[in-house]
Amino acid sequence: QLQASGGGLVQAGGSLRLSCAVSGTTVGSNVINWYRQAPGNQRELVAQISSGGSTFYHGSARGRFTISRDNAKNTVSLQMSSLKPEDTAVYYCNAVGRSINAWGQGTQVTVSS
């Protein structure tokens, strides 16, 4: 089970930190993804952290977002900085592993201009 939190309303240029609390599996044994979906758009991958700790960022997130995990707390965070109105979307965390493909419920991020 995944529980995303930390969304909210922020002005352009501001920052938010999203958190994904994971239960039933460990963050260190799965690939954890952050996706987002804006109205009328397809869900897109924003950032990913592998079981080995490697990270990947979608082009628009590179340099502004940072994904990290806390194995002790079994959480994965997405630190978002220099936010833009086009970052407005519902953000979802997703865990993919040998026997799991689970999604959190989503958290709304709204960036005002």
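Kindly indicate the residue of the stretch 1-23 that is farther than 17 Å from Ala72 by Cβ and not in a strand (DSSP E or B) and also least open to solvent (accessible area, probe 1.4 Å) among those meeting that condition.
Gly14
Considering only the stretch 52-79, how many residues are in a loop (DSSP other than H, G, I, E, B), touching a residue at least 40 places away in the same chain (Cβ under 8 Å) and surrounded by 13 or more Cβ atoms within 10 Å (Cβ to Cβ)?
Looking only at that region, the number is 1.
Does Gln48 meet the test of being in a strand (DSSP E or B), of a type outside the set (D, E, K, R), open to solvent by 30 Å² or more (accessible area, probe 1.4 Å) and within 13 Å of Gly106 (Cα to Cα)?
Considered against the rule, which asks whether it is in a strand (DSSP E or B), of a type outside the set (D, E, K, R), open to solvent by 30 Å² or more (accessible area, probe 1.4 Å) and within 13 Å of Gly106 (Cα to Cα), Gln48 comes out as no.
Output the residue which, of all residues in the stretch 81-113 that are in contact with a helix residue (DSSP H, G or I) (Cβ under 8 Å, 6 or more places away or on another chain) and β-branched (Val, Ile, Thr), is surrounded by the most Cβ atoms within 10 Å (Cβ to Cβ).
Val109
The values are calculated or read from the model by the stated rules, or taken from the named source; none is laboratory data. Values in this document were obtained by computation on a predicted structure and should not be read as measured data. Backbone-built Cβ (ideal geometry, glycine too); neighbour counts: all protein chains shown. Accessible surface is based on the protein model in full, side chains and every heavy atom, while ligands, DNA and RNA are left aside. Shrake-Rupley method; radii C 1.70, N 1.55, O 1.52, S 1.80 Å.
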